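Just below is one structure, and these are the notes that go with it.
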Amino acid sequence: MKFKKKILCIGAGYVGGPSMAIIAYKCPDCKVTVVDINPERIDAWNSNELPVYEPGLDKIIKKTRGKNLFFARDIEKQIKENDIIFVSVNTPTKTFGTGAGMAADLQYWEKTARQILENSQSSKIVIEKSTLPVKTALAMEKILNLAKGKIRFDVLSNPEFLAEGTAIEDLGNPDRVLIGSHETRSGLKARQELVDIYSRWVPSEKIITSNIWSAELSKLVANAFLAQRVSSINSISALCEKTDADISEVAKAVGMDSRVGSKFLQAGIGFGGSCFKKDILNLVYLCSYYGLKEVADYWESVVKINEYQQDRFMANILGSMFNTLVGKKICILGFAFKANTGDTRESPAIYITRKLLAEHAEIIISDPKALKNAAFDLAGVKGSVKYVEDPYSAAAGCHALAILTDWDLYRKLDFRKIYKSMVKPAFLFDGRNIIDHKKCFALGFNVYPIGKPALSHFKTENNS
Ligand code: NAD
Ligand code: UGA
């Protein structure tokens, strides 16, 4: 079959895989190829066990793979053969040198730019899909402009806003698609090419265009605003615990103001995931770089509150369990950074588990999708850790349960059965406020939610 457009994506990760699968699905007359430097990842995309768990993804892959969606190892050949190249490589926080712990590590990004330059025999549109510091396109253009002869590269910024666990829904029905370009003739032409692709399934009023720097910066700012809401509600959860106010009631009352809105006001153990912390720190670094200390400090506080919230949760477990966890069995319900994903990158569960192990607690981890990643995250950590998928078997014989991920299945557990199988007094720390606290208290549990009064059977603590 002759395809109308040939699209390549470099980077077959959480963004590259699902976003290209949707383009292939929505544009059957386009050939979409995804490449990666990690051959095992490519093999996994070509197998029945996809490297990324996302509800609905396997169905889309089955419909497109081998027809107009291909996962390939030969990066150089693919660069030669494709005209539109998305770059979706990882951009983690730098761990060395200037800006270590804050700035984005752009080594993978730059390597890709050089690879595109070295292997291109015709002009191409290169699209930044990775999240990058504002002005990165300038660096990319400097590299690509080294091209000889008539080959030209137009660089666009098309940041991705999908959230894990809802990626397929978000990609199929996005709030907006943002495309930034230079406002030159060829920049605008390249922009239109990309608008035409998205127009196949996204209503035109949701496709917004801007200058390239606004597009780059908007992505960092969108994540910073979302994370800021989580830190705002979590900071107030600490005050609720001191005053007997209830964070769910406060969030409802505040969120019903249409100017505020009700989303992203769920208090918990803090945000995880590969991007919020990295992108805010990147924003903080950029502000400091441009001499905006007050602005940098403001955004850095969002990350500090997130760390504080995890420390508070840990201190609550230790304090409530009589200040010693030595030899006590604690069942962690949920290790993924949020529900409906197996991803554990920057999951609060990693930090909390390490802290519990440092107190010499024995840990049993349960999660429907993230046990493999959990074992990888905790490899080499000293202490007793077991991985048990079935939550009932995991909880049996434990002194405490700690709910760390908002998996729906935890809402539906038979807590009567679990309580019976546990050591008494049994403790329940609901780090996501997802279960019926009063019901569990009535069953005999000592219940510790976030931002609400504890429900304890001990005489010296306040009960409500
Ligand atoms: P990821 O680590 O899952 O995937 C990145 C892939 O790029 C890896 O498989 C890696 O092997 C590959 N890679 C690195 N250098 C390469 C090179 N030179 N050539 C070919 N392949 C290379 O990362 P991700 O979660 O998909 O994130 C990618 C980018 O998208 C990041 O900038 C991230 O901030 C952004 N983003 C992520 C999400 C998300 O939900 N994960 C959402 C929006 C934006
Ligand atoms: C987030 C953004 O929502 C996406 O728009 C963005 O594209 C993506 O980052 C990215 O750039 O990587 P993601 O991290 O996948 O998506 O998931 P979110 O739903 O944003 O949740 C992030 C964290 O915040 C999770 O740990 C979640 O449990 C926590 N959270 C979220 C809360 O604690 N409370 C809330 O009310 C909402």
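The values are calculated or read from the model by the stated rules, or taken from the named source; none is laboratory data. This is a predicted model, so every value here is computed, not measured. All Cβ positions, glycine included, derive from the backbone under ideal geometry; neighbour counts span all protein chains shown.
Some observations on this one:
- The residues of segment 90-105 that are within 10 Å of ligand 1 (Cβ to nearest atom), buried (at least 20 other Cβ atoms within 10 Å of the Cβ) and not in a strand (DSSP E or B) amount to a single one, THR91.
- Evaluated against (1) more than 16 Å from ligand 2 (Cβ to nearest atom); (2) modelled with pLDDT of 95 or more, GLY165 falls short on exactly one condition, (1).
- Sole residue being surrounded by fewer than 20 Cβ atoms within 10 Å (Cβ to Cβ), in a loop (DSSP other than H, G, I, E, B) and within 16 Å of ligand 2 (Cβ to nearest atom), chosen from PRO28, PRO55: PRO55
- Pair list, Cβ under 8 Å, 6 or more apart: segment 43-70 residue touching a residue at least 12 places away in the same chain (Cβ under 8 Å) and among the acidic types (Asp, Glu), other residue part of a helix (DSSP H, G or I) and crowded, with 18+ Cβ neighbours inside 10 Å: GLU54/PRO18; GLU54/ALA167; GLU54/ILE168
- Meeting the requirement of 2 or more residues that are more than 16 Å from ligand 1 (Cβ to nearest atom) and among the polar types (S, T, N, Q), the helices (runs of 4 or more DSSP H) wholly within segment 112-215 are 185-198.
- Filter pass, PHE415 being farther than 24 Å from ALA358 by Cβ, crowded, with 17+ Cβ neighbours inside 10 Å and over 26 Å from the mean Cα position of the chain (by Cα): yes
- Residues satisfying the stated conditions in segment 411-446, i.e. within 20 Å of ASP390 (Cβ to Cβ), out of contact with any helix residue (DSSP H, G or I) (no Cβ under 7 Å at 6 or more places or on another chain) and part of a helix (DSSP H, G or I): ARG411, LYS420
- Among (1) among the hydrophobic types (A, V, I, L, M, F, W, C); (2) touching a helix residue (DSSP H, G or I) at 6+ places or on another chain (Cβ under 7 Å); (3) touching a residue at least 60 places away in the same chain (Cβ under 8 Å), the one test that LEU325 misses: (3)
- Checked against the criterion of being within 13 Å of ligand 2 (Cβ to nearest atom), farther than 20 Å from LEU409 by Cβ, more than 14 Å from the chain's Cα centre (by Cα) and modelled with pLDDT of 95 or more, segment 316-338 contains not a single residue that satisfies it.
- Just one of (1) more than 14 Å from ligand 1 (Cβ to nearest atom); (2) at pLDDT below 95 fails for ILE23. It is (2).
- Segment 138-152, residues that are under 33 Å from the mean Cα position of the chain (by Cα) and of a type in the set (A, V, I, L, M): LEU138, ALA139, MET140, ILE143, LEU144
- Listed by first and then second residue, the pairs linking a residue in segment 118-129 that is more than 22 Å from VAL195 (Cα to Cα) to a residue that is of a type outside the set (A, V, I, L, M) and outside any strand (DSSP E or B), with Cβ atoms under 6 Å apart and 6 or more places separating them unless they lie on different chains, are ASN119/GLU76; ASN119/LYS80; GLN121/LYS80.
- Candidates ALA315, ALA339, ALA402, filtered to the one that is small (Gly, Ala, Ser), part of a strand (DSSP E or B) and farther than 30 Å from TYR289 by Cβ: ALA402
- Between ILE305, ILE269, the distinction of being surrounded by 14 or more Cβ atoms within 10 Å (Cβ to Cβ), under 21 Å from PHE337 (Cα atoms) and in contact with a Phe, Trp or Tyr (Cβ under 9 Å, 6 or more places away or on another chain) belongs to ILE269 only.
- Count of residues meeting criterion [part of a loop (DSSP other than H, G, I, E, B) and within 19 Å of the chain's Cα centre (by Cα)] in segment 252-300: 13
- The residue pairs whose first member lies in segment 423-452 and is under 15 Å from PHE322 (Cα atoms) and at pLDDT below 95, whose second member is in a loop (DSSP other than H, G, I, E, B) and of a type in the set (Ser, Thr, Tyr), and whose beta carbons are closer than 6 Å, counting only pairs six or more residues apart or on different chains, do not exist in this structure.
- Hits in segment 76-89 - residues which are buried (at least 18 other Cβ atoms within 10 Å of the Cβ) and either more than 16 Å from ligand 2 (Cβ to nearest atom) or not β-branched (Val, Ile, Thr) (or both): GLN78, ILE79, ASN82, ILE84, ILE85, PHE86, SER88
- Verdict on ARG176 being away from ligand 2 (no atom under 14 Å from the Cβ) and among the basic types (Lys, Arg): no
- A search for C-beta distances below 6 Å between a residue of segment 228-257 that is farther than 8 Å from GLY451 by Cβ and any residue that is away from ligand 2 (no atom under 15 Å from the Cβ), counting only pairs 6+ apart in sequence or on different chains, returns ASP244/PRO453.
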